[in-house]
2 protein chains.
Amino acid sequence: MTPQRVTLITLGVTDLAAAKAFYAALGWQEHGKGQVGVAFYQMHGAVLALFGLADLAADQGRPEATLGTGAATLAQNFATEAEVDAAYAAALAAGGTALKAPQKVFWGGYSGYWADPWGHVWEVAMNPFWPMAADGSLTLPDSAE
Amino acid sequence: MTPQRVTLITLGVTDLAAAKAFYAALGWQEHGKGQVGVAFYQMHGAVLALFGLADLAADQGRPEATLGTGAATLAQNFATEAEVDAAYAAALAAGGTALKAPQKVFWGGYSGYWADPWGHVWEVAMNPFWPMAADGSLTLPDSAE
């Protein structure tokens, strides 16, 4: 079983600087002082991210050309690696397609990707720097700059 | 300016019944008694929807074959039509692509679609049956069955 939540929406873009400028023009304020290669935006209990398309493809463990629908991902964050593993297993058991088995990743967390039968890509992740609220919501910590 | 929120994520699928069965197998519970042609799932202050791919293309005012990334949409709900118009205008002013100008739609609300320069599709909508909370969050009313 997976919890009924989306905590992070990631938009893959070919030009991150241009994408940040576009969303800034819309009035969106980036969280913190900004990071290299990714931009985060706090919403009400969830986060929107902008991420390079090639980086997103690499993060999903597949070629950029195959992204299509998957160039937008839906993420579920969890408190523990065991919960990530369980959610990933539940997705495959339900008929989801394995993209990248959950594994320790360079930013210090644990992440996997699966796709539903219509190509929509979900990430399941544990980020030790992003504590989860009891209601399954995600609020960026002040230190996430 | 547009508010920093996503209140509805819609996944376009080729077989809605199969999609509902897939998400049910994952443990997701559909809101209310179910509607014909669409399924809604309450999250924390936001909603996930499953919708037929052809219906989604029609709703966006373009052919199904062109959906690609747009087969997942990000929606911002508003309290008034004027706010929808303002958000749509702000998107075009920022460089967004017009897909469908905000207009009264068959389900009793008011909706438009625009795409960011990377093809990510946003819906801006006013749904008189879905009241917005002060914090910009969306909770399905009990009557939405």
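Of everything in the range A:124-145 that's within 14 Å of chain B (Cβ to nearest Cβ) and open to solvent by 20 Å² or more (accessible area, probe 1.4 Å), which residue is nearest to B:Leu16 (Cα to Cα)?
So, considering only residues that are within 14 Å of chain B (Cβ to nearest Cβ) and open to solvent by 20 Å² or more (accessible area, probe 1.4 Å), the one nearest to B:Leu16 (Cα to Cα) is A:Asp135.
Could you look through the range A:30-79, keep only residues that are polar (S, T, N, Q) and more than 16 Å from A:Ala98 (Cα to Cα), and pick out the one that is farthest from the other protein chains (Cβ to nearest Cβ)?
A:Gln35
Restricting attention to the range A:79-88, does a residue exist that is within 16 Å of A:Ala49 (Cα to Cα) and not small (Gly, Ala, Ser)?
No, the range A:79-88 contains no residue that is within 16 Å of A:Ala49 (Cα to Cα) and not small (Gly, Ala, Ser).
Which ones in the range A:1-29 are of a type in the set (Ser, Thr, Tyr), closer than 30 Å to A:Ala82 by Cβ and facing chain B (nearest Cβ under 8 Å)?
A:Thr2
Among the residues of the range A:34-43, write down those that are touching a residue at least 24 places away in the same chain (Cβ under 8 Å) and farther than 19 Å from A:Val121 by Cβ.
Once the filter is applied, which keeps residues that are touching a residue at least 24 places away in the same chain (Cβ under 8 Å) and farther than 19 Å from A:Val121 by Cβ, the range A:34-43 yields A:Gly34, A:Gln35, A:Gln42.
Just checking, does the range B:54-75 include any residue being in a helix (DSSP H, G or I), in contact (Cβ under 8 Å) with a residue 60 or more places away in the chain and of a type in the set (A, V, I, L, M)?
So far as the range B:54-75 goes, yes, one or more of its residues are in a helix (DSSP H, G or I), in contact (Cβ under 8 Å) with a residue 60 or more places away in the chain and of a type in the set (A, V, I, L, M).
For the range B:132-142, check the following and say yes or no: at least one residue is aliphatic (A, V, I, L, M) and modelled with pLDDT of 85 or more.
Checking the range B:132-142: not a single residue is aliphatic (A, V, I, L, M) and modelled with pLDDT of 85 or more.
Residue by residue through the range B:80-123, note down the ones that are assigned to a strand (DSSP E or B), modelled with pLDDT of 90 or more and either within 14 Å of chain A (Cβ to nearest Cβ) or surrounded by fewer than 17 Cβ atoms within 10 Å (Cβ to Cβ) (or both).
Listed by number, the residues that qualify are B:Ala101, B:Gln103, B:Lys104.
The values are calculated or read from the model by the stated rules, or taken from the named source; none is laboratory data. Computed from a predicted model, the values in this text were never measured in an experiment. Backbone-built Cβ (ideal geometry, glycine too); neighbour counts: all protein chains shown. When the accessible area is computed, the model is the full protein with side chains, heavy atoms only, and any ligands, DNA or RNA have been set aside. Shrake-Rupley method; radii C 1.70, N 1.55, O 1.52, S 1.80 Å.
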